[in-house]
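Written out below as structure tokens is the structure these notes cover.
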Amino acid sequence: MRTKIIQFLDDGLNEEELKTLSDWISSSPENAHYYAEIKDLWEASVSDSSKIAGTPQEWKKFVARVRKEDVKKKYLRINRSAAVWIAAVLVLGVIIGKVFIPDFSKPEAVYCTAIAPKGSVSKLILPDSTCIYLNAGSEIRYSVNKESSRREVFLQGEAWFKVSHMKNRPFTVHTSFYDVCVLGTEFDVKAYESDTRVETTLEKGRVLVRSTGKFRLPEDVLLMPGEQFVYDKENRNVQVKHVDTNLFTSWKDNKLEFIKLTLKDLIVLLERKYGVDIEVENPEILDFHYSGTIKNESILEIMDVIEHTLPIRYEIKGQTIRIFKNERRNYQNN
């Protein structure tokens, strides 16, 4: 089954194989723990392969040889050149994309919590075969009871969903403000507590945005593909608009795309994506706008590009990046 887990993490399973894996994971606590362990190691190997010895391909071969009863010991018997790579990955696995599995022996323990810390994106599969990408700095809680008539998750942060269609079993995403109800579709929900807006972006299918006790709408809002529902926390108003969905969902493919994004908002994205702290010494530069695409670049490469595009300069002090206004350059805010 370890091969199927790796294929899933590498987007290599079809719908039937996905269901088989889902059934296997939810069949016992041992299977759930084994899946979580392999997932942590895999995500760690891919997320930081440029900084440590080896390659993700080498790590694939290693994980393929791992046996269920020997996951934590196997690397000790590998040659020394590979040991540096394996050891670093195991350390990273402690801080990247954890899945907390409940005690299945206790009937009252019916929820799991998955967390993607800053600097990582975590991928998980629910017992009903729904696929979720969890963005950096996010947390999601979900039921592990496959027989329940209710499918629901509780989200803090951002997640992209590919929901498995089940007749008469709608799927609900609960945020701190509104609920998103679906039957089967692909969409993104962004609901960070620290952000001023809560956004739902629909790629395929249909979703229904509904009121909660904390947030009241005159009526439910039905979204069509290509539409985005936005709630502004500060102004307490809502808006439905047509958008390029790639600009809001590409993060799940380890890519960020943005057009005329303020430096203030860009800094938030960079802090989450790379797990760094960024301080701005001159607040007036936060209104500068920047357009671009981030794929595999390091944070320093990104800062170099921004420094050459905007009238700013930066320096690194300890674990913090400090940004200053470059008084020698002018900026035309288009």
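Sort H242, H165 so that the residue with the fewest other Cβ atoms within 10 Å of its own Cβ comes first and the one with the most comes last.
Going from least to most buried by this count: H242, H165.
Order of 196-207, 212-223 by packing, highest average Cβ count within 10 Å first?
The densest-packed peptide leads the list: 196-207, 212-223.
Report the extension gain between K4 and D253 in nm, rounded to one decimal, defined as 0.36 nm multiplied by the number of residues separating them, less their alpha carbon distance. Walk me through the numbers on the way to the answer.
Values: separation 249, 0.36 × 249 = 89.64 nm, distance 2.01 nm.
Extending this stretch completely gives an extra 87.6 nm.
Kindly give the semi-axes, whole Å and largest first, of the ellipsoid equivalent to segment 97-251, taking each as the square root of 5 times a Cα gyration tensor eigenvalue.
24, 18, 15
If eta is 0.890 mPa s and T is 25 °C, what Stokes-Einstein diffusion coefficient results for segment 255-325, Kirkwood Rh from Cα pairs, in µm²/s? Intermediate values should be presented prior to the final figure.
Details: Rh = 12.1 Å.
Calculated translational D: 202 µm²/s.
Out of segment 227-292, which trypsin sites (Lys or Arg not before Pro) are coil in DSSP terms and have no more than 16 other C-beta atoms within 10 Å?
Filter output for segment 227-292: K233, R236, K255.
Working only with C-alpha atoms, what are the Rg and Dmax values of segment 148-236, expressed in angstrom?
Computed over the Cα atoms of segment 148-236, radius of gyration and Dmax are 12.3, 38 Å.
Report the full-extension gain for the segment H165 to K264: residue separation times 0.36 nm, less the Cα-Cα distance, to one decimal in nm.
31.8 nm
Read the figures in this text as sums done on the coordinates, not as results from a lab. Keep in mind that this is a model prediction, so the values were computed, not measured. Positions of Cβ are backbone-derived with ideal geometry, glycine not excepted, and every protein chain shown enters the neighbour counts.
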